[in-house]
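Below: one structure, written as structure tokens.
Since every read-out is calculated from the coordinates, none of them should be taken as a lab result. Nothing here was measured: the structure is a model prediction, and the numbers come from that model. All Cβ positions, even for glycine, are placed from backbone atoms using ideal geometry, and neighbour counts span all protein chains on display.
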């Protein structure tokens, strides 16, 4: 199962705590649309049917079933630059 680093939890919390978003809002990970393989991340109010729900601390991550197998042995990490922009990366679980 995908795990989250402390930095990822902090970044997701910052993204989902914005005014106007429901408290259940989480980060959704799904295969990217189009010809190039990859994963797309987006904010979602709730999981979609079949999504794996990962809860860490007070954040939610919703993983589409097709992405779940790819992420099974991975950890989601995040870096926040000096402008406050967030970039997520995947790494092998420790």
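Which of the strands (runs of 3 or more DSSP E) contained wholly in the range 15-58 include at least 3 residues that are in contact with a helix residue (DSSP H, G or I) (Cβ under 7 Å, 6 or more places away or on another chain)? Working first, answer last.
Details: elements: 26-31, 39-44, 52-56.
Qualifying strands (runs of 3 or more DSSP E): 26-31.
Of the residues 6, 58, the single one that is without any contact (Cβ under 8 Å) to a residue 24 or more places away in the chain and surrounded by 11 or more Cβ atoms within 10 Å (Cβ to Cβ) is 6. Here is a check on your reading of the model: is residue 76 part of a strand (DSSP E or B), in contact with a helix residue (DSSP H, G or I) (Cβ under 9 Å, 6 or more places away or on another chain) and surrounded by 12 or more Cβ atoms within 10 Å (Cβ to Cβ)? Criteria met by residue 76. When residue 89 is tested against (1) part of a loop (DSSP other than H, G, I, E, B); (2) in contact with a strand residue (DSSP E or B) (Cβ under 7 Å, 6 or more places away or on another chain), exactly one condition is not met: (1).
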